[in-house]
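Participant: Handing you this structure, nothing more for now.
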Amino acid sequence: MARHPSADHAAWDALVKRHLKLVDGGKASQVRYADFAKDRAALKGYLAEVSRVGEAEFRAWTKPQQVAFLVNAYNAFTVALILTRYPDLASIKDLGSFLQSPWKPKWVPLLGDKVSLDDIEHQMLRKRGRYDDPRVHFAVNCASV
């Protein structure tokens, strides 16, 4: 039986530990995309696991489990998005256009629907009254340092 991302984020945690570099004495971090690109199969496996979770299963989890799931999904799908054009981009903003940011397209298969990265951050995580956790913006940092 596959592990559910609600309780066990081991696959994503392992990827982050392998491909994240702490900088400035641990006050910031940088993703080593070149190394992540070599580990696409593991990333795709994690994303497939996340995408299999349905709305009913998600709603049955505790709020901390829901937040962890959404934060990890957001960050993992952001890395996957960057890898679609890596190394031929200087910024995640290069994936958008003058009229549309890269966070707006609804391409992320999540909870039985297609959502955008913006939807995850603003409608699912930051919407007033749902989780009320000001740390969310720091946990989903849009592929920035």
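The values are calculated or read from the model by the stated rules, or taken from the named source; none is laboratory data. From a predicted model like this one, the values you see are computed outputs, not experimental measurements. Note: ideal-geometry Cβ built from the backbone for every residue, glycine included; neighbour counts use all protein chains shown. When the accessible area is computed, the model is the full protein with side chains, heavy atoms only, and any ligands, DNA or RNA have been set aside. Shrake-Rupley method; radii C 1.70, N 1.55, O 1.52, S 1.80 Å.
Participant: With each run of n ≥ 4 DSSP H residues scored as -39500 (n - 2.57), what mean residue ellipticity at 222 nm is computed for the chain after dividing by its residue count and rounding to the nearest 500 deg cm²/dmol?
Facilitator: Values: 6 runs with 58 residues, N = 145.
Rounded to the nearest 500, it is -11500 deg cm²/dmol.
Participant: If R0 is 30 Å, what FRET efficiency do you get for residue 62 and residue 32 from their C-beta distance, rounded to 0.05? Write out the running numbers ahead of the final one.
Facilitator: On the way: r = 32 Å, r/R0 = 1.08.
Once the sixth-power term is evaluated, E becomes 0.40.
Participant: I've got another one for you. Write down the accessible area per residue of region 53-121 in Å², having rolled a 1.4 Å probe over the full set of protein chains. Before the final figure, lay out each step's value.
Facilitator: Numbers: 3430 Å² over 69 residues.
With all protein chains present, region 53-121 gives 50 Å² per residue.
Participant: Provide the net charge surrounding residue 105, with neighbours chosen by a C-beta distance below 13 Å and charges set as Lys +1, Arg +1, Asp -1, Glu -1. Please list the in-between numbers first.
Facilitator: Working: positive: 104, 106, 114; negative: 118, 119.
With Lys, Arg at +1 and Asp, Glu at -1, the net is +1.
Participant: Hey, another quick one. Defining a contact as two alpha carbons under 8 Å apart and six or more residues distant in sequence, what relative contact order in percent does the chain show? Mind dumping the intermediate values first?
Facilitator: Values: 143 pairs, mean separation 34.0, N = 145.
Averaging sequence separation for qualifying contacts and normalising by length gives 23 percent for the chain.
Participant: Okay, moving on. Can you give the convex hull volume of the alpha carbon atoms of region 72-143 per residue, in Å³?
Facilitator: 96 Å³
Participant: Further question on the same structure: Measure out, as a whole number of angstrom, how far apart the alpha-carbon centroids of region 24-63 and region 92-142 sit.
Facilitator: 14 Å
Participant: Quick one: accessible surface of residue 17, probe radius 1.4 Å, all protein chains present, in square angstrom to the nearest 10.
Facilitator: Taking all protein chains as shown, residue 17 has close to 140 Å².
Participant: Carbon and sulfur together cover what percent of the accessible area of the chain at a 1.4 Å probe radius? Write down the numbers at each step before the final one.
Facilitator: Working: 4720 of 8510 Å².
Answer for the chain: carbon and sulfur cover 55 percent of the accessible area.
Participant: Okay, next question. Under a straight-distance cross-link criterion of Cα-Cα below 27 Å, which lysines are reachable from residue 21, leaving out those fewer than 8 residues away in the same chain?
Facilitator: Of all the lysines, those that pass the test against residue 21 - Cα under 27 Å, at least 8 places apart if same chain - are 38, 44, 93.
Participant: So, one more: Between residue 98 and residue 55, what is the spin-label point distance in nm, taking each point 7 Å from the Cα along the Cα→C-beta axis?
Facilitator: About 3.8 nm separates the two model spin labels.
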